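Have a look at the structure below before the remarks.
The values are calculated or read from the model by the stated rules, or taken from the named source; none is laboratory data. Note that the structure is a prediction, hence the values are computed from the model and not measured. Here the Cβ is made from the backbone with ideal geometry for all residues, glycine too, and neighbour counts use every protein chain on show.
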Amino acid sequence: MPASVVLRRLVRAVLASVALAAAPALAAADSVSIVPDRDNTLYESGNGTISNGAGPSFFVGRTAQASNSIRRGLVRFDVAAAVPAGAVVTGATLRVSVSTTNVGPVAVGLHRVTADWGEGTSNAGENGGSGAPATTGDATWKHRFFSTTNWGTLGGTFVAGASATTALDQPGDFIFGSTAGMIADVQGWLDVPAGNFGWLLRGDESTQPTAKKIESRESATPDMRPLLTIEYTQPVPAESATWGRVKATYR
């Protein structure tokens, strides 16, 4: 083979390899659905001795009690265990199941929690609205971890603006998201797992009663447990050119 032909083929192969190396990575789309790894209820209480860490439900809104009527739900998902590191989150929705309510539609906000909290063995049973005595490590109105570590503010510390809001109505399934706020929260938890403290669900606390009972991760009905669905993409590197492939072009 003439040397000029060999040289031209070599030049084309080198240029092709450079183009491959410079080509942008492709993206593979995927999704995953996960249940919480912990959840709890914050029951309004001056001394913070009430919780429901192992109960089959959690609560949001206000009951009809004359005092200490506010309820706030906590829920956390282990995003980093379910989504590959380096992935880009493109969608996030949270499904919750309301099992009991005495009122119509109530707007509930999903707020990113800014401090860690716990789930102990307290169990308020099937009704659950009044809570149960807190056990070691439980989150309460006063404590992040009963009874040694307090919230910075009674009722939990969380971002004031909701990442998503939806109206919870009569018993059934309801969806939060997908919103830019939820996507940002989930992406942050994937990138920095140590900063994942989940969401606080906050209902209408301006009047009463507005309480909603939501099935927890301990629900006896698996299909009613909270479910976070995450959509994401993973970079797929363009195929690299090898010296062997380059040589094969002018053999």
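I'd like to check something: does the range 207-214 contain any residue that is under 16 Å from Val35 (Cα atoms), touching a residue at least 24 places away in the same chain (Cβ under 8 Å), under 10 Å from the mean Cα position of the chain (by Cα) and surrounded by 16 or more Cβ atoms within 10 Å (Cβ to Cβ)?
No, every residue in the range 207-214 fails to be under 16 Å from Val35 (Cα atoms), touching a residue at least 24 places away in the same chain (Cβ under 8 Å), under 10 Å from the mean Cα position of the chain (by Cα) and surrounded by 16 or more Cβ atoms within 10 Å (Cβ to Cβ).
Modelled with pLDDT under 95, surrounded by fewer than 15 Cβ atoms within 10 Å (Cβ to Cβ) and not aliphatic (A, V, I, L, M), is that true of Ser17?
No, not satisfied.
Any chance the range 206-218 includes a residue that's in contact with a strand residue (DSSP E or B) (Cβ under 8 Å, 6 or more places away or on another chain), under 19 Å from Ala82 (Cα atoms) and of a type in the set (Gly, Ala, Ser)?
Looking through the range 206-218, none of the residues is in contact with a strand residue (DSSP E or B) (Cβ under 8 Å, 6 or more places away or on another chain), under 19 Å from Ala82 (Cα atoms) and of a type in the set (Gly, Ala, Ser).
Are any of the residues in the range 229-239 among the hydrophobic types (A, V, I, L, M, F, W, C), touching a residue at least 60 places away in the same chain (Cβ under 8 Å) and closer than 18 Å to Ala80 by Cα?
Within the range 229-239 (the criterion being among the hydrophobic types (A, V, I, L, M, F, W, C), touching a residue at least 60 places away in the same chain (Cβ under 8 Å) and closer than 18 Å to Ala80 by Cα), the answer is yes, since at least one residue qualifies.
Within the bounds of the range 59-79, is there any residue that is modelled with pLDDT of 95 or more, of a type in the set (Lys, Arg), touching a Ser or Thr at 6+ places or on another chain (Cβ under 8 Å) and over 30 Å from Ala180 (Cα atoms)?
no
Before we move on, is Glu231 among the acidic types (Asp, Glu), touching a Ser or Thr at 6+ places or on another chain (Cβ under 7 Å), crowded, with 16+ Cβ neighbours inside 10 Å and within 23 Å of Glu126 (Cα to Cα)?
no
For the range 39-50, name all the residues that are surrounded by fewer than 18 Cβ atoms within 10 Å (Cβ to Cβ) and modelled with pLDDT of 95 or more.
The answer is Asn47, and nothing else.
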